[in-house]
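One structure is given here, and the rest of the page talks about it.
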Amino acid sequence: MTGTTHALVGAAVGALIRHPGWAFLGGVASHAILDNLPHKDYERSAGLPLDILGLLSVLAFSISSKRPEMTAGALGGLSPDMENIVPDDNADKAKIFPSHWFHHEDRVTDAAVLTEVLVGAAALLLLKSVSK
């Protein structure tokens, strides 16, 4: 999953939970759930510029909403991937976050991209409905 999708879903979870501390933990939990859906992680150089733009947009929206639980949820959704930011020479090195212990490509299906698009769209609809 892209960071943008993790942040969107985390923000939506935060909007539902309405408490920043619990929203952060809900975002972390949503990360694990999303990592178990069929998806393909992109190569860093290929999708990174678009993902950064998406992340900045989600964070700007959640901050401007003046609902700290949305920002906390978005940050919680992103936080497990912090261990993947710095490239390492040993890709099989043990990871800290449990859903990073397996190769995500093992779960790729023909619907992998569609799954991510649908999850992102559902999170956007939820955010739209709760941020009125």
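Here, each number is a calculation from the coordinates, and none is a lab measurement. Everything numeric in this text was worked out from a predicted model, so none of it was measured. Neighbour counts are summed over all protein chains in view; Cβ atoms, including those assigned to glycine, are modelled from backbone coordinates with ideal geometry.
Below are the figures for this structure:
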item	result
Gain in span if fully extended, MET82 to TRP22, counting 0.36 nm per residue against the direct Cα distance	19.6 nm
Efficiency of FRET from Cβ geometry, ASN36 and ILE63, R₀ 41 Å, rounded to 0.05	0.90
Gain in span if fully extended, LEU118 to ILE52, counting 0.36 nm per residue against the direct Cα distance	21.8 nm
Order by protection proxy (mean Cβ within 10 Å, highest first), peptides 7-13, 76-82	7-13, 76-82
Highest-first arrangement of 17-30, 48-61, where packing means the average Cβ count within 10 Å	17-30, 48-61
